[in-house]
Structure formats: structure tokens, C-alpha cells
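**Student:** Would you mind keeping the following structure in view while I ask a few things?
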Amino acid sequence: MSNRAKAKLALVAVVAGPCVVLRLAGTHLRPEAAALVFGAGVVASAFLLAWAAEAAQVDISGSLAIALLALIAVLPEYAVDLYFAFTAGHRPEFAQYAAANMTGSNRLLIGVGWPLVALVAIAAWRRHQGRPPPGREEASPGRAVVLPEQSRIELGFLAVASLYAFVIPLTRRLAWYDSVVLLAIFAGYLWRVGREERGEPDLVGLAAEVGALGRRPRRATITALFAAAAVVVVAAAEPFANGLVGTGAALGIDKFLLVQWLAPLASEAPELIVATLFALRLRGDDALGTLLSSKVNQWTLLVGSLPIAYLLGGGGGALRLDARQTEELILTGAQAVLGVAVLAELSMSRLEAVALFALFALQFPFPGTGVRLSFSAIYLVLAGALLLARRRHLPATLRTMVRPIPGTGSRPSPVRSADGRL
């Protein structure tokens, strides 16, 4: 392994080490310090998971690899949110934080993650105009990131989960039957992507060095990275979550907003960084495809797991939602429907990326019931208009959910030219 790779691992160890040591020693920090120290541990664990999951693609064939990569990359986010739901079982005031963390993480993916990688990919291709990199000589400078046909699988399951999500606000609770439905959707998604074939993984950085090792050392290294990340996540999740809540109380900041945005931003930062690096390397399809898969994971597995964690923590069969949490869930569902509509043609243009980010960013200066419901309506109206205009693509998406796609062993170029050609 190169010195650069070793330096990266050493840096992660320096960042993650304190939270493990402090947790084992039983040391209690002030809320602000706990949020910083243990939050850094969450970020470090996410990097370890991302590297391990990418390298593991060498030993996992099929489209299942990218689904597992997306799932593993967001495990730190799951740990924090499941802690909130578990604690709500015996401390009801924590129920609002479970809903806050879940809605924040889901909205960050579409409102920030998707536009970020799309704009970076488009900019990267424009910089290569006239001098394309090796292997991309036939590609034209792009104005939209284009996803492969396999991505209709994720798109279809995301659409189904998004439609079902509107049932939850009607009942004002996350119940056991919601878990059954959402986990069934997730299981169907994994079954479906497991039937698709993909080309060889194109790894970069530390993951590429691990993937290039011999079979035994590679698997040993990947196992060690996973194990180290698991130790850090277990050590950091609880004090990080409590530190966020305590920081909000100490500084007079809205605790709901702090948990909703800061925790997901910390736990998903490595995933966004990895996806952005893909985009910079002219792999915008992989970048956006990974974040699309992450959205499916979070919108099904994460949301469906919350009632189970709540039950295990001593709660009843349903995690009840107050008015604010219900509105946040409606807004999150509406944004997901718009995300499906934007990708209905398996592409995202610069204008669409800017619009998704702008709609996300404009909500912050004007919090309140009226703003949340107004933006929900805007999302749904725009989604309806786009789906109507792109309705000819919907049957193909539905067919892809249940039927293998013939002749899709490799991925296309990630960016489309101005005239729509690849």
C-alpha cells in the first residue's frame, strides 16, 4: 500500500481514536465538545465504510454491488437515527429527533447531493472539451448527467416508496405495518438489483489500492476496515446524538433543526465527497447513481426500521408524529416525487440541478407551517407537470422493476451532449 494511502488511514485513526478512547474510559464531555469529537468519529467511520464498500465490489458481482455500497455508506446515519428512535421508546421527547434526522437526511440527498454531483460532473466535462481523457474520446462535452438504463430499477422503487410515504402523514404515526411495507419494498429492490449484471468496478484512490491486493489480503483488509468502522460507529453514535441535543439546549438553538441538518450532514459528508470525486473523474453516472440508490435505502430501510427500534426501546407499536413532524414528512415525500419526475428521462440537466437546490435552500429563511406546506405544493405541482410531459418513459420504468434489462453489461458515458447524443 502506498504512503499516501497509509497517510489517509493514519489521519482517520487520529480523528476516530479520541471518541473510542473517551467512550471506553467513560469520560463525559460538555455537549458542544461531545458533538464535535464524536461527530468527527462519525465522519471518520463513514470514510472507512466508503473505502471498504468500494473495494468490496471486486468480490461482489452484479448491480447488487452498487446497492450495497450505497447502503453501507449511510450506516452511520442509520446508527444515529435508530438511536433516537430507540431512546424515544422510553423517553418520548426523543421521538421528534428521530423524525427530524430521518427527514433531514432524505432531503439533503435530493436537495444538495443530487444537484452537487450533477453540476460538478457537467463542469468537469466542459473542462475536458477538446481534450477528453483516455477511454472517453468518443464523448461530447455534456450539458446533462445521464444515468444507465439499470437506474430505472432504483427510480421505480423510489417512486413506489414515495407514494406510500404519503400514507404516514394521514395516520400521523410510523407504525409496525409501515415497517412491513417499506422493508418489503427494500427487499424487493435488493432482489431486483441482484438480477442485473454490471461491468467491472472502476475504483480510485485508497479503494483502488485495496482492490488491487491479492484475494486473501484484500478480503482481510476489507474486513478490518468494516470492523474498525463498526467499532467507531458504536462508540460515537449515542454521545454524538446526545451532544447535538445538549448543544441546542445550551446555545438556545432549535434542537429539532440542529438534529435535522447537522447530524445528517456529518454522517453523509464522506458519501457526498466520494460521489463528488466520481463526478470530477467524469463518472457522473456512478456518482448520481450511488446517491439515487442511497435515497432508495434511506426512504425504505431507514424509515421502515424506526418503528422497530422504537418498539425495542420500550415504546408501543407506533412512533407518533406531531404536527411539525407530519408537515416535514409531507415535504420530504413531495421532494422525493419531484426527484423521481426529474430523473424520469434518466438524466439531470444543469437547470434541473439548480432548481432542486434552489427549492431546498429557499425553505430555510422562512420556517413555519405555511412555508412547509407551500413548498410541498410547489414540489408536487412541478412533479405533476414533469411526469405528464415525460409519461412515455413511465412504462419502461415499471417494466424494469420486474424484468431484467437485456444487453446492459456495461455503463454508458455519464454525460449527454447538447443535442442529446452520447
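Read the figures in this text as sums done on the coordinates, not as results from a lab. Please read these numbers as outputs of a predicted model, since none were measured by experiment. Please note: Cβ atoms are built from the backbone with ideal geometry, for glycine as well, and neighbour counts cover all protein chains shown.
**Student:** Would you calculate a helix-derived [θ] at 222 nm for the chain, using -39,500 (n - 2.57) for each DSSP H run of n ≥ 4 and dividing by the full residue count, to the nearest 500?
**Tutor:** When only DSSP H runs of four or more count, the value is -23000 deg cm²/dmol.
**Student:** Just order 262-269, 385-392, 10-17 by mean Cβ neighbour count inside 10 Å, highest at the front, would you?
**Tutor:** 262-269, 10-17, 385-392
**Student:** For a test of the definition: using alpha carbon positions, the gyration tensor, and the 1.5 limit on a/c, classify the range 14-409 as rounded, prolate or oblate.
**Tutor:** Verdict is oblate for the range 14-409.
**Student:** Further question: If you stretched the chain out fully between Val180 and Arg392, how much longer would it get, using 0.36 nm times the residue separation minus the C-alpha to C-alpha distance? All intermediate terms of the calculation are to be shown ahead of the outcome.
**Tutor:** Details: separation 212, 0.36 × 212 = 76.32 nm, distance 3.16 nm.
That works out to 73.2 nm of additional length.
**Student:** With the Cα gyration tensor of the range 5-50 giving a ≥ b ≥ c as the square roots of its eigenvalues, does the rule (a/c under 1.5 for rounded; else a/b larger than b/c for prolate; else oblate) give rounded, prolate or oblate?
**Tutor:** Because a/c hits 1.5 or more and a/b exceeds b/c, the range 5-50 counts as prolate.
**Student:** Calculate the dipole size of the range 14-409 relative to its Cα centre from +1 charges on Lys and Arg beta carbons and -1 charges on Asp and Glu beta carbons; express the result in debye to the nearest 20.
**Tutor:** Using only the charged Cβ atoms, the result is roughly 440 debye.
**Student:** Report the relative contact order of the chain, percent, no decimals, based on alpha-carbon pairs under 8 angstrom and at least 6 residues apart.
**Tutor:** 35
**Student:** Let me ask something else about it. Dividing the convex hull volume of the alpha carbon atoms of the range 274-401 by its residue count, what do you get in Å³ per residue?
**Tutor:** 151
**Student:** Oh, and also: Where does the charge balance sit around Ala159 when Lys and Arg score +1, Asp and Glu -1, over other residues with C-beta under 15 Å from its C-beta? Don't skip to the answer; put the middle values down first.
**Tutor:** Working: positive: Arg152, Arg192, Lys295, Arg390, Arg391, Arg399; negative: Glu154, Glu345.
Overall, the nearby charge balance is +4.
**Student:** In nm, to one decimal, how far is the Leu277 label point from the Val402 one, both placed 7 Å along Cα→Cβ?
**Tutor:** Each label point lies 7 Å from its Cα, and together they span 4.1 nm.
**Student:** Quick one: net charge of Pro264's neighbours, Cβ under 11 Å, K/R +1, D/E -1?
**Tutor:** -3
**Student:** Using r as the Cβ-Cβ distance of Leu9 and Ala269, and R0 as 22 Å, what FRET efficiency do you calculate, to the nearest 0.05? Before the final figure, lay out each step's value.
**Tutor:** Working: r = 18 Å, r/R0 = 0.82.
That gives a FRET efficiency of 0.75.
**Student:** With springs only between Cα atoms under 10 Å, which of Val145, Val43, Val371 fluctuates most in a Gaussian network model of the chain?
**Tutor:** Val371
**Student:** Here's another thing I want to ask about it. Please identify, among Gln260, Gln363, Gln150, the residue showing maximal mean-square fluctuation in a Gaussian network model of the chain using a 10 angstrom Cα cutoff.
**Tutor:** Evaluated over the chain, the most mobile residue of the options is Gln363.
**Student:** Further, regarding this structure: Projecting each Cα onto the charge dipole of the chain (Lys/Arg +1, Asp/Glu -1 at the beta carbon, about the Cα centre), which of Pro92, Pro148, Ile330 comes out farthest on the positive side?
**Tutor:** Pro148
**Student:** Could you check which residue among Gly89, Gly368, Gly304 shows the biggest mean-square fluctuation in a GNM of the chain with a 10 Å Cα cutoff?
**Tutor:** Gly368
**Student:** Once fully extended, how much extra length lies between His90 and Ser374, figured as 0.36 nm per residue of separation less the alpha-carbon to alpha-carbon distance? Please report the intermediate quantities before stating the final value.
**Tutor:** Details: separation 284, 0.36 × 284 = 102.24 nm, distance 3.46 nm.
Separation in residues times 0.36 nm, less the Cα-Cα distance, equals 98.8 nm.
**Student:** Peptides 166-179, 274-287: what's the order by average Cβ count within 10 Å, highest mean first?
**Tutor:** 274-287, 166-179
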